[in-house]
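Please treat every number below as a calculation from the coordinates, not as lab data. Being a predicted model, the structure only gives us computed values, none of them experimental. Note: ideal-geometry Cβ built from the backbone for every residue, glycine included; neighbour counts use all protein chains shown.
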Amino acid sequence: MRTDIFARLDREPEPPKIETPRMSRHRIALFGGTLAFYLAIVVAVLMSSWLVALDWKVMLFRPYQQWPEIHAALDYYVVLGQRGPTAVMVACWLGWRSWRQHTLRPLLTLGASLLLLNLTVGAVKIGLGRLGPHYATRIGSAELFAGGDIFPSGHTANAVVTWGILAYLAATPRARRYLSAMSAIVSLGVGLTTVYLGTHWLSDVLLGWAAGLLILLGLPWVEPLITRAEDWIFAARARLGAPGSRPAAPVPAADTPAPVQPAAQPAVQPPAEEPAAQGPARGQAGRPPAANGRPRPHPAPATAHAVRSERSPVTPAGSRRPPHADRAPRGGTAPARPVAGG
């Protein structure tokens, strides 16, 4: 029994057409504004501006010491921003949607967004090398190019992308609005939780929000590649065959009954003729002789193949079955036999 996702996809000849978001003017404007905000945060940190001073004020305030009663709960809540657990949860939901909608687009979109997240956020983390609040060395410093990897916040960016992809793939506008609000609340809470725990600067969270939102807004540009990848997967599956499938066993020829052809059936041998002395020949009773004195030809026998027990009994007075002169003689070539003693 096949258990892969293709077993469900085989039930439809073609995946249904699902409307995909396009790069509208509104989306392009949002993308440009978010990109400008992203660059502004990076420049502010590089210049050690007022944003870096605000980072130090929040860190020295130590929120985890001000409200220690919520520390245990927030330790669990911040898991909603970890890439591993959230990716598994969202992949299970999108896998079920792929099974229901007969398409691989939800899973491929999730994979593309996570790939873009790792490439963009990871490159900036390594390039700037900022240290976290717990490892800061000098008060008021931006702690850049020191071998760290916390700017931007990976938890925040991952929460924006992972939960925001549900809103991006929503089937109806109403569901898209609700899921957008939910993902915004979850990502906002995850970012503030990292600030509370002291694992990130406030500027790290701001840049993480912008980084995740840029990926969601730019996904329509990646849609053609997602479509090509889906077509390539189905084409490769068609060439190589579905994994786990079993070829259908050929049906033996003997199990299929061949159509009965009347001409192919063997002819039943006619019964032996009775002696002429017992009376007139079969089929000649009551038939007047021809005008020239010659006997009339033998009537054409029936072509139906019946067994001997089903034939009409022959008596000295002749057959009770009326003659059928319009039927062809048996065999098609045998000439009519004259009646003996005529």
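Sequence gap at least 6, Cα distance under 8 Å: using those rules, report the relative contact order of region 121-167 to the nearest whole percent. It would help to have the intermediate numbers written out before the result.
On the way: 49 pairs, mean separation 19.2, N = 47.
The value is 41 percent.
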*Where the convex hull is taken over the Cα atoms of region 18-95, what is its projected area averaged over directions, in nm²?*
8.9 nm²
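Once R0 is set to 41 Å, what does the formula 1/(1 + (r/R0)^6) return for the Cβ-Cβ distance between A175 and D149, expressed as a FRET efficiency to the nearest 0.05?
Computed FRET efficiency for A175 and D149: 0.70.
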*Consider all pairwise Cα distances in region 56-146 and report the whole-number % of them above 17 Å.*
69 percent
*If you put +1 on each Lys and Arg Cβ and -1 on each Asp and Glu Cβ, how big is the dipole of region 147-245 around its Cα centre, in Debye rounded to 20?*
380 debye
*asked:* If you average the alpha carbon positions of region 90-109 and of region 143-162, how far apart do those two centres end up, in angstrom?
replied: 28 Å
_Cα gyration tensor shape for region 102-188, rounded if a/c is under 1.5, else prolate or oblate_ = oblate
